[in-house]
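Structure first, then comments.
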Amino acid sequence: MDSAISDARTPLGASADNGLKIVVVGGFGVGKTTLVRSVSEIRPLNTEETMTQAGEAVDDISEVRGKTATTVAFDFGRISLDARNVLYLFGAPGQERFWFLWDRLFSGTLGAVVLVDTRRIDDSWYAIDRLEHHGTPFIVACNDFGGPRHSPESVREALDLDPGVPLVFCDARSRESSKQVLIALVEHLRTRYAGHAAPPRQEFV
C-alpha cells in the first residue's frame with residue numbers, strides 16, 4: 001500500500017540536541033529512496049534524476065524494468081524519536097559507479113539498514129562487506145516486491161549473515177512498516193551498546 005507523504009515541513013523542536021545518523025544502503029532499485037520518503041517527518045531531500053537510454057548501458061535495469069528515476073547522490077530525511085533524540089536518515093545510491101561515496105557517507109554513522117530485494121540478493125553483498133569493514137552495526141531488511149516469500153533461514157544463508165545481525169521483512173512503501181525497520185535498528189544498537197559507554201556525538205558529512 002502506498003504511503004501518503006505530507007508536503008508539510010515539521011519544525012525540529014528546540015529541545016532536540018542529540019542527532020543520530022542512520023544510513024540506508026543496498027543494491028540498485030531495492031527501495032532505499034522509497035523507505036526514506038515513507039518514514040521521514042519532513043519533505044525528504046532527494047537527488048533523483050530521470051533514467052535515460054544512455055544509462056541503460058551503464059546500469060543493469062533488467063530486474064527493475066518499471067524504474068524511471070534513480071538516485072545520483074543521496075536521499076535525506078528525518079524522524080524524531082523523542083524530544084531530544086532525532087534520527088537523520090541518509091539513503092545511499094545503489095549503482096556501482098557511486099560506491100566511492102559510501103565510505104564517506106558511513107563517517108559518523110551510528111548504524112545502518114541494508115535493504116534487500118530477495119530476487120537480486122547478490123546485490124547486497126557489497127553493502128554488507130563495507131559495513132563490516134567499517135565496524136558499523138547494521139540490520140538487514142527484506143523489501144517486499146511480491147513473488148515467493150523466502151524464509152529467514154534461506155536469506156541468512158544466502159547472505160552469510162552473522163547470527164547476531166537482525167533480519168526483518170518490510171514494505172518500504174508503508175510508513176508503519178518502515179518505522180518498524182528503524183525501531184529494529186535502534187533496538188539492535190541499544191543492545192549492542194548496553195553496558196558500554198554511550199557512542200560519541202555524531203559528526204555528519
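Each reported figure results from applying straightforward, stated rules to the coordinates on display, with no laboratory input. Keep in mind that what you see is a predicted model, and the values were worked out from it rather than measured.
Points to keep in mind about this one:
- Amide H contacts under 5 Å for Lys21: Tyr88, Leu110, restricted to partners 5 or more places along the chain or on a different chain, H placed in the peptide plane at 1.01 Å from N.
- In a fully extended conformation the segment linking His133 and Thr191 would gain 18.8 nm over its present Cα-Cα distance, using 0.36 nm per residue.
- Derived scalar couplings ³J(HN,Hα) [segment 131-136; Karplus, 6.51 cos²θ - 1.76 cosθ + 1.60; whole Hz; x for Gly, Pro]: 5, 5, 4, 7, x, 8
- Integer Hz, Karplus 6.51/-1.76/1.60 couplings in order for segment 152-160, x for Gly and Pro: x, 5, 5, 5, 4, 5, 5, 8, 6
- Cut-off under 5 Å, modelled amide H: who pairs with Phe169 long-range: Cys142
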